[in-house]
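Enquirer: The structure that follows is given in the form of structure tokens.
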Amino acid sequence: KNTFLPVEELLKEAPAAGEVTVFDAEKIEEALDAYGELVPRAQDALSSEALAKIESYSELPLADYLAAYPVARAIAELGEAEASAEFSSALKQLKRLYADLTESQQALVSNYAEIAAANSMIDIYAADAVTKMISRYRAGLDGLTIEEVRLAYAALTPVQQALVTGTEGLDLTIPAPAESQSPSSCNSSLSVVAAGVTGLVLLAILQRRREK
């Protein structure tokens, strides 16, 4: 390419190397690619400021920025934490994507703290759902049984269980399996509960509460 003006504009909008964040990765890659497509005469016609940026970008770990960018963007687009199976699934997927990055790439995901904040909200939502469930059980509403309350409580993580209130006087321990039921069968059932109750029953209860 002979014209350098579009590249000059790209570089004018691009940040200095010392100010680059993960969200600038694609813009910098675009500018570098455009610069590389220029003929030597057009490259030399760029302003000294633009050429200085090109040189400074060569010292950046651009591959790491590009690897981290999709994760950071997905976190930014996650939105406000909500009590839904879809949000919980999206949160788990983001954690997996982040875990797949190298340490240097993870360090570039500057908004990862939002994942921890969302986790805290999910913990609160789940614990609040069980707290409400206990309250309704005590009031004799919805035909709830102590067995259902125990299963819901057991499906929570220890952090979530610590947030549940109103448990005074209730035995929330799931009884040992009867002799006719093997421990492995019981454990299998509890695994299903742990995987599904929080994501479906508890969140559904909370969703109904939010709609009232």
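The values are calculated or read from the model by the stated rules, or taken from the named source; none is laboratory data. Values in this document were obtained by computation on a predicted structure and should not be read as measured data. Cβ placement follows ideal geometry from the backbone for every residue including glycine, while neighbour counts extend to all protein chains displayed. Surface areas here come from the heavy atoms of the whole protein model, side chains and all, with no ligands, DNA or RNA. Shrake-Rupley method; radii C 1.70, N 1.55, O 1.52, S 1.80 Å.
Enquirer: Report every pair of residues separated by at least 6 positions or lying on different chains whose Cβ atoms are under 7 Å apart, first residue within region 123-150 and part of a helix (DSSP H, G or I), second of a type in the set (Asp, Glu).
Expert: As it stands, the answer is ARG136/ASP142, since those pairs meet every condition given.
Enquirer: Name the residues in region 151-174 that are surrounded by fewer than 16 Cβ atoms within 10 Å (Cβ to Cβ) and assigned to a loop (DSSP other than H, G, I, E, B), would you?
Expert: The answer is THR157, THR165, GLY166, THR167, GLU168, GLY169, LEU170, ASP171, THR173, ILE174.
The rows are residues; the columns are (1) touching a helix residue (DSSP H, G or I) at 6+ places or on another chain (Cβ under 9 Å); (2) at pLDDT 90 or above.
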site: GLU9; (1), (2): no, yes
site: VAL22; (1), (2): yes, yes
site: ASP44; (1), (2): yes, yes
site: SER48; (1), (2): no, yes
site: SER56; (1), (2): yes, yes
site: ALA67; (1), (2): yes, yes
site: ALA85; (1), (2): yes, no
site: LEU91; (1), (2): yes, yes
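Enquirer: Another one. Need pairs with beta-carbon distance below 9 Å; first residue farther than 11 Å from LEU97 by Cα and within region 68-85, second modelled with pLDDT of 85 or more and hydroxyl-bearing (Ser, Thr, Tyr); sequence gap 6+ or separate chains.
Expert: Short answer, once both residue conditions are applied: ALA81/SER120; ALA81/TYR125; GLU82/TYR125; ALA83/TYR125.
Enquirer: Exactly one condition in (1) loosely packed, with under 11 Cβ neighbours inside 10 Å; (2) touching a residue at least 12 places away in the same chain (Cβ under 8 Å) is not met by ALA42; state its number.
Expert: Evaluating ALA42 over (1) loosely packed, with under 11 Cβ neighbours inside 10 Å; (2) touching a residue at least 12 places away in the same chain (Cβ under 8 Å) leaves (1) as the failure.
Enquirer: So which residues in region 47-75 are among the small types (Gly, Ala, Ser) and closer than 16 Å to ASN111 by Cβ, if there are any at all?
Expert: Answer for region 47-75, where residues must be among the small types (Gly, Ala, Ser) and closer than 16 Å to ASN111 by Cβ: ALA67, ALA68, ALA72, ALA74.
Enquirer: While we're looking at this one, here's another question. Against the definition (open to solvent by less than 60 Å² (accessible area, probe 1.4 Å), aromatic (Phe, Trp, Tyr) and in contact (Cβ under 8 Å) with a residue 24 or more places away in the chain), how does TYR112 come out, yes or no?
Expert: Here the answer is no, as TYR112 does not meet what is asked.
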